[in-house]
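All remarks here apply to the structure that follows.
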Amino acid sequence: MTTPAARDDGGPAAVGKITRDAVLAAALEIIDRDGADALSMRRLARALDRDPMILYRHAPNKAALLDGVAETVLAQLRVDSDDPDWAGQLRKVARRFRALALAHPHVVPLIVTRPLATPLGLRPAGTLRPLEDILALLTRAGFSGPDALHIYRALFGFLHGHVLDELQELIENPDETDDLLRLGLHRLPISEFPLLRGLAPALAGYDGAAELERGLDILLTGLTATATPPGQTPAARASTAPAR
């Protein structure tokens, strides 16, 4: 069997008929490596060893490519809408979302901010699948449609903020042992930022997974207490309280 030769820009030379999935996979590789700004039709064509004009059959422009990449990543966000433990399932979804964000940090802005310029009904269908599946999960649990939508918005509002926070937790000088120096906080005037500088140990010890779980505890406990499906007794409500 002949193995496609690797190209000098990191992508494999394609053999046979090109597919949309192959185009999006190659685009994702480029974005993962160098960011969305580095993606262009010409660079993608070189990675696939194709004429750029062929790519336009699968994506009319770069904007469509970016939408397709976001759709490709979100397709990996599985939601079990039949799970009777709605709060537990939402916790699993949150963990999966964070894992995807850490695996594809350059795609996060495409998922979090790019949809702001696009009406809901005009977004790629794949990017709406998690919303539909979570609505199914919650309405099967007994929530009304509006309440299910409220819970979805609360969850993903929290998740988007969390992953953006986690991805910007950068260490300036990893070899330093002093937390102020590691984070570059020594550059801030102590008279203007005494509290922030004082939190240097907590900031340096940031644990994204632990912060996610703590935030989910707060969010899901509040949702369980305030958005209980109609007719559910206090005892039943307690049984669906968030658990790790």
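The values are calculated or read from the model by the stated rules, or taken from the named source; none is laboratory data. Treat the numbers as computed from the prediction; the structure is a model and nothing was measured. When we count neighbours, we look across all protein chains shown, and the Cβ atoms used for this are built from the backbone with ideal geometry, even at glycine. Accessible surface areas use protein heavy atoms only, side chains included; no ligands, DNA or RNA. Shrake-Rupley method; radii C 1.70, N 1.55, O 1.52, S 1.80 Å.
In table form, for the structure just shown:
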read-out: Residue check for Leu90: assigned to a helix (DSSP H, G or I), of a type in the set (A, V, I, L, M, F, W, C) and either farther than 30 Å from Ala136 by Cα or modelled with pLDDT of 95 or more (or both); value: yes
read-out: Condition met for Gly121 (under 25 Å from the mean Cα position of the chain (by Cα) and either open to solvent by 40 Å² or more (accessible area, probe 1.4 Å) or in contact (Cβ under 8 Å) with a residue 60 or more places away in the chain (or both)); value: yes
read-out: Which listed residue, of Leu128, Leu159, is open to solvent by less than 60 Å² (accessible area, probe 1.4 Å), modelled with pLDDT of 95 or more and within 14 Å of the chain's Cα centre (by Cα); value: Leu159
read-out: Within the range 188-197, tally of residues that are open to solvent by less than 60 Å² (accessible area, probe 1.4 Å) and either part of a helix (DSSP H, G or I) or touching a strand residue (DSSP E or B) at 6+ places or on another chain (Cβ under 7 Å) (or both); value: 1
read-out: Counted residues, the range 7-55 - those being modelled with pLDDT under 90, touching a Pro at 6+ places or on another chain (Cβ under 9 Å) and open to solvent by less than 90 Å² (accessible area, probe 1.4 Å); value: 3
read-out: Extreme residue, least open to solvent (accessible area, probe 1.4 Å), among residues of the range 198-212 that are more than 26 Å from Asp32 (Cβ to Cβ) and part of a helix (DSSP H, G or I); value: Ala200
read-out: Residue that is most open to solvent (accessible area, probe 1.4 Å) [pool: residues in the range 56-102 that are among the aliphatic types (A, V, I, L, M) and in contact (Cβ under 8 Å) with a residue 60 or more places away in the chain]; value: Leu102
read-out: Test: Leu110 is crowded, with 16+ Cβ neighbours inside 10 Å and assigned to a helix (DSSP H, G or I); value: yes
read-out: Failed criterion for Gly142 (all others in (1) assigned to a helix (DSSP H, G or I); (2) open to solvent by less than 70 Å² (accessible area, probe 1.4 Å) hold); value: (1)
read-out: Hits in the range 166-182 - residues which are surrounded by 12 or more Cβ atoms within 10 Å (Cβ to Cβ) and not in a helix (DSSP H, G or I); value: Glu169, Ile171, Glu172, Asn173, Glu176, Asp178
read-out: Yes/no for His150 being open to solvent by 80 Å² or more (accessible area, probe 1.4 Å) and in contact (Cβ under 8 Å) with a residue 40 or more places away in the chain; value: yes
read-out: Where Leu185 falls short, out of the listed (1) open to solvent by less than 30 Å² (accessible area, probe 1.4 Å); (2) aliphatic (A, V, I, L, M); (3) closer than 28 Å to Leu100 by Cα; value: (3)
